[in-house]
1. Treating each Cα of region A:1-61 as an identical point scatterer and ignoring solvent, apply the Debye formula and state log10 I(q)/I(0) at q = 0.14, 0.16, 0.28 Å⁻¹.
2. Give the relative contact order (percent, whole number) for region A:8-153; include only Cα pairs under 8 Å separated by 6+ residues.
3. Interface size between chain A and chain B, please: total buried accessible area, 1.4 Å probe, rounded to the nearest 100 Å².
4. Compute and list, largest first, the equivalent-ellipsoid semi-axes of region A:1-119 from the alpha carbon gyration tensor, each √(5λ) rounded to a whole angstrom.
5. Quick one: net charge around A:GLN198, please, counting Lys, Arg +1 and Asp, Glu -1 for every other residue with C-beta under 11 Å from its C-beta.
6. Pairing the Cα long axis of helix A:55-90 with the longest principal axis of chain A, what angle in degrees results, from 0 to 90 and rounded to the nearest 10?
7. Counting only protein heavy atoms, what percent of the accessible surface of chain A is carbon or sulfur at a 1.4 Å probe?
8. If you line up the long axis of helix B:23-43 against the longest principal axis of chain B, both from Cα atoms, how many degrees apart are they, to the nearest 10?
2 protein chains.
Amino acid sequence: MLTQMTITDFLEELGSNSPAPGGGSIAALAGALGSALASMVCRLTVGNSKYAEVQAEVETILAEAEYLSARLTQAVDADTEAFNKVMAAYKLPKATDEEKVLRSQAIQQAMQQAANLPLNVAECCLAVLNMAQRVLIIGNANAASDAAVAGLMAHAGLHGALYNVKINLASIKEEPFITAMQAKIQTIVSRDSQLHEQLLRNASKMIG
Amino acid sequence: MLTQMTITDFLEELGSNSPAPGGGSIAALAGALGSALASMVCRLTVGNSKYAEVQAEVETILAEAEYLSARLTQAVDADTEAFNKVMAAYKLPKATDEEKVLRSQAIQQAMQQAANLPLNVAECCLAVLNMAQRVLIIGNANAASDAAVAGLMAHAGLHGALYNVKINLASIKEEPFITAMQAKIQTIVSRDSQLHEQLLRNASKMIG
């Protein structure tokens, strides 16, 4: 498992000439790093009497951050597995007409999974960005730059994941699937744009 | 060392109630991940006859990516060490006037180092972003989304690092140091803005 590797070994594996792990896993990892940072900011706020008014809200955010961190960490490995399944489908035999049909179906099925997975990553990243922009303004002010970085990581993870959705969509033939995915992408992009702007505004207020 | 931890353990440590590691280390890690991804795209291009025309340029980019990846990986640990030195300086005795002066000097020195380090990280991230937007357009088209994610990680790492510079600058008293740093920040931000726009343009051309 990729997430059981040391950071140094993971970076070496990432930089190697093997196409997996690639950008999809890194997008998920960016989201997981953002979510963990948001957790830290929550923990540095909970129990601090200076922030007594926001305890309940920050505790709710912390629970959500923990959940998203776990989901995004799983996605680091899952994205690479989904990519490997696409590669395996391409290697199926194509000598007979029947084999060609089966291979094409297997590729399409693997591609849809490889597109669904980063879409889920993008949705999780959107939730992390929302938490980050909020704890940046209500959380421990000493951790303001940490909350800001959490938001930047989520924003980068979101767009990285969407590039992975789009590149897989290019090989998918089922029109209703493509249309549905494109609508979801639009919704995510539009909400991300608002939240990212809010993050930068809050960061400028808190950090300068 | 943080970089010798597994990714799972690192995420757990990051999310804990200890302020270190924090956003500074994550900004450096984002840059290192971007640089390693850029390396991968270069390796998937070098030796491929379809990209014969750009071999020399891609080999140069690969060498730079390896160098930057190593520097940014070191910075993951170095940023947390710099933060710990600031914390240690704050804990120095302040019973006598002489102790107060020595403590204040130690804090200022540690703060300047804690501001210099993320500035270097931001400069390295800028170089990674430049490489990413270039290999996205000239490198192996099958790895276009990987190059795009590399650029997004570098862009996020850069701004994350600059938040860490700014938050430390707020505690620094030496005016010429502040002025010099602010000028450097401006230069980096302006160049990042051009390169990020270029990255998005290239990504839209290659991915859609």
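1. At q = 0.14, 0.16, 0.28 Å⁻¹ the computed log10 ratios are -0.56, -0.63, -1.14.
2. On the way: 173 pairs, mean separation 51.9, N = 146.
The normalised contact order for region A:8-153 reaches 36 percent.
3. Answer for the A-B pair: about 4100 Å² buried.
4. Listed largest to smallest, the semi-axes of region A:1-119 are 41, 17, 7 Å.
5. Counting the neighbours of A:GLN198, the net charge comes to +2.
6. Once rounded, one gets 20 degrees.
7. Details: 4680 of 8950 Å².
Accessible surface attributable to carbon and sulfur in chain A totals 52 percent.
8. 20 degrees
The values are calculated or read from the model by the stated rules, or taken from the named source; none is laboratory data. Given the structure is predicted, the values throughout are model-derived calculations rather than measurements. Don't worry about glycine lacking a Cβ; one is built from the backbone with ideal geometry, like all the others, and counts go over all protein chains shown. These accessible areas exclude ligands, DNA and RNA; they are computed on the full protein's heavy atoms, side chains included. Shrake-Rupley method; radii C 1.70, N 1.55, O 1.52, S 1.80 Å.
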